[in-house]
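Notes follow once the structure below has been shown.
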Amino acid sequence: MIALATEVPPGDVERLRAQFPALCRRVNGHLLAYLDNAASAQQPAAVIDAIADYSRNHHSNVHRGVHTLSQEATALYEGARGKVRGFINAASEREIIFVRGTTEAINLVANTLGRTRLQPGDEIVISWLEHHANIVPWQLLCEQTGARLRVVPIDRRGVVDFDAYRALLGPRTKIVSLAHVSNALGTVLPIGEFIAEARDRGIATVVDGAQAVPHQRIDVQALGCDFYAFSGHKMYGPTGIGVLYGREAVLATLPPWQGGGDMILTVSFERTTYNSLPWRFEAGTPNIAGAVGLGAAIDWLAEVGMERIAAHEAELLAYATARLLTIPGLTIIGTAPDKASLVSFTVDGIHPHDLGTVLDAEGVAVRTGHHCAMPVMEFFDLPATARTSFALYNTRAEIEQLHAALTRAIGMLR
Ligand code: 7TS
C-alpha cells in the first residue's frame, strides 16, 4: 500500500482539477466524471494557453526564415525538443524525433531499422498484450521482408511470461518490441529486465511507452532501450504530436524514412544528401503548435511531480478495484500484481457497449470495446470490455459516481 504521506491531499487534487476547463463541464445534466484517460487525457489551461500564444503571436514555419517570427517559432519548437530530452533523460536532443504519435513512431522504426536489417526467416518478438500499433507495423514488415512474428504468451492475470520470452529469443531474433504498460489490461512489464535480455543477445529493442509515460518517471538511459515511443495526447498534451526516442548510435546508422523538406542538406536530380539527426527523420513542416503544447505539458507535469502522480493514481486504482468488486456479476479483466491505473471489466449478461451508453447518460465517460488489442480479447474469449482509466485529477468521488451509475445501469439492462 501507498504510505499516506505521499498521497496527494484532496485539496491538492481540487486545485489541479480547476486547471482543466473540460473537467468543469456537465454532460447529460451531470457533472462529468472523465474516466477515459488511457485514450486521451484532458489538457490543462497551461497547455491550451501555450498553443494559443504560439498561434496568436509566433506562428510561422521553422528552420527556414531569417525573419523574427520564424526564429521565434524555431526556438519554441526546438525548445520543446529540449524539454522532451530532459523529461525522459535522453543523452542528446539528436535522439528526440517529433512524430504524430506512438503509431507513427513504431512505423518509423519498422520502415528504417526493420527494412534494412531483416532477412527472410529473421524474427521479431512482441507480446500477446500489444496494442495494434505494436502489431500491424511488424506484420507489414514481415510481408515485405519474409521475416516472422513471434508472440510471447500471457497468463490469465495478463502477466507476460518472462521464461517463455527468454526461450523465444534466438539467433534469428533481430527486433524485440514490447509495451511498457498494457492499455487493455493495465499490466506493467518489468521492461528493464526484458530489454536487458535482448541487449545481451545484440537484439534491437523497441518500447511502446504510450501508457507508461503519463504515470511514471521514464529514464531511457537507465532502461537501455534502443527506441522508446509515446504520444502527447495521453500525457495532457494535444493530439497529433508524439515522440520517438532513438539511441544515437542506432539512429545514426538508419536510412531516412519519409523524404521531403527539412530532412535534406542538398538536393539535385543526381544526388540528395540528408540532414543530421534528428531532422533527418522529420520530413515536411512539423506540428509546431503540437510540439509547443507538448513542451507545456512537460513543464506542467514537472511542476506537479511524477512521483506524486504515481502515488495518487496507485491509491485510485486500489480504491476503484475494491469498489468495483462489490458489484455482483462484475469481473475484472487483468489482475497482474503490477498494474497501471486502469481497470478493464465485464458484467455478466450485459454488453460493454450498452453499459458505456448508460454510463454516458449519467455523465461518466469510460471506454468500451476491444481497445485496439483484439488478441487480448481473443485470449480472454471476450468481444469487448469496459475500461475505466485514471489520471492525476480523478477523485474517489468520481469512482463513487461510476459505482452508482454502474449499479443503476445493471438494474436497467438486466
Ligand atoms: N500503444 C498503446 C499501448 C496505446 O495505448 C495506444 C493508444 C497506442 C499505442 C497508439 O497511440 P496513438 O497515439 O498513436 O494512437 N491507445 C488507446 C486506447 O487505449 N484507447 O484509445 C487509444
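The values are calculated or read from the model by the stated rules, or taken from the named source; none is laboratory data. Keep in mind that this is a model prediction, so the values were computed, not measured. Note that we place each Cβ from the backbone using ideal geometry, even for glycine, and neighbour counts take in every protein chain shown. With ligands, DNA and RNA removed, areas are computed over all heavy atoms of the protein, side chains included. Shrake-Rupley method; radii C 1.70, N 1.55, O 1.52, S 1.80 Å.
Brief remarks on what is shown
- The simple spin-label model puts a point 7 Å past each Cα toward its Cβ; for V267 and H353 those points are separated by 4.5 nm.
- Using R0 = 51 Å, the C-beta based FRET efficiency linking Q221 and R408 works out to 0.55.
- Positive-end residue of W138, N37, I410, charge dipole of the chain with Cβ unit charges: W138
- Averaged over residues, the count of other Cβ atoms within 10 Å places the peptides 405-413, 226-234 in the sequence 226-234, 405-413, highest first.
- Exposure of L31 as accessible area (Å², to 10), given a probe of 1.4 Å and all protein chains: 100 Å²
- Report summary: the helix-based calculation at 222 nm, which adds -39500 (n - 2.57) for every DSSP H run with n ≥ 4 and divides by the residues of the chain, gives -11000 deg cm²/dmol.
- Extended-chain gain in nm, criterion 0.36 nm per residue less alpha-carbon gap, T239 and E14: 78.5 nm
- Linear extension gain, E78 paired with A252, 0.36 nm per residue minus alpha-carbon span: 60.7 nm
- Each Lys and Arg Cβ is given +1 and each Asp and Glu Cβ -1; about its Cα centre, the chain then shows a dipole of about 380 debye.
- Packing order of peptides 17-25, 393-401, highest average first: 393-401, 17-25 (average count of other Cβ atoms within 10 Å over each peptide's residues).
- Fully extending the segment from R157 to C24, taken as 0.36 nm per residue of separation minus the present Cα-Cα distance, adds 44.3 nm.
- Taking amide H positions as modeled 1.01 Å from N, with prolines and chain starts lacking one, the residues under 5 Å from T173 and 5 or more places away or on another chain are E123.
- Rounded, prolate or oblate (a/c below 1.5 giving rounded, otherwise prolate when a/b exceeds b/c) for the range 49-302 by Cα gyration tensor: oblate
- Relative contact order %, the chain, counting alpha carbon pairs below 8 Å whose residues are six or more apart: 23 percent
- Packing order of peptides 346-352, 257-263, highest average first: 346-352, 257-263 (average count of other Cβ atoms within 10 Å over each peptide's residues).
- Note, ³J(HN,Hα) from phi for the range 313-319, Karplus 6.51, -1.76, 1.60, rounded to Hz, x at Gly and Pro: 5, 5, 5, 5, 4, 4, 5
- 3J(HN,Hα) from dihedral phi, the range 34-44, Karplus parametrisation 6.51/-1.76/1.60, rounded to Hz, x for glycine, proline: 8, 10, 10, 6, 5, 7, 8, 8, 6, 10, x
- The range 234-283 shape via C-alpha gyration tensor axes, a/c threshold 1.5: oblate
- Cut-off under 5 Å, modelled amide H: who pairs with A41 long-range: K234, M235, Y236
- Heavy-atom accessible surface of the chain: percent carbon and sulfur, 1.4 Å: 54 percent
- For the range 104-189: Kirkwood Rh in Å [reciprocal of mean 1/r, alpha carbons]: 13.1 Å
- The alpha carbon centroids of the range 389-413 and the range 363-383 are separated by 18 Å.
- Whole-Hz ³J(HN,Hα) from phi, Karplus 6.51 cos²θ - 1.76 cosθ + 1.60, for the range 390-400, glycine and proline x: 9, 10, 4, 9, 6, 9, 4, 4, 5, 5, 5
- Debye intensity ratio in log₁₀ form over the Cα atoms of the range 22-76, taken at each q of 0.13, 0.19, 0.22, 0.30 Å⁻¹: -0.53, -0.73, -0.82, -1.10
- DSSP-defined beta bridges in the range 49-302 - what % are antiparallel, rounded to 5: 45 percent
- 12 Å beta-carbon shell around H403, net charge (K/R +1, D/E -1): 0
- Per residue, in Å², the accessible surface of the chain once ligands and nucleic acids are set aside, probe 1.4 Å: 41 Å²
- Across all Cα atoms of the range 158-263, the radius of gyration (one decimal) and Dmax (whole number) stand at 14.9, 46 Å.
- In summary, the lysines within cross-link reach of K339, defined as a Cα separation below 28 angstrom excluding same-chain residues under 8 places away, comprise K83, K234.
- Placing dummy labels 7 Å off each Cα toward the beta-carbon, the span from I327 to T68 is 5.7 nm.
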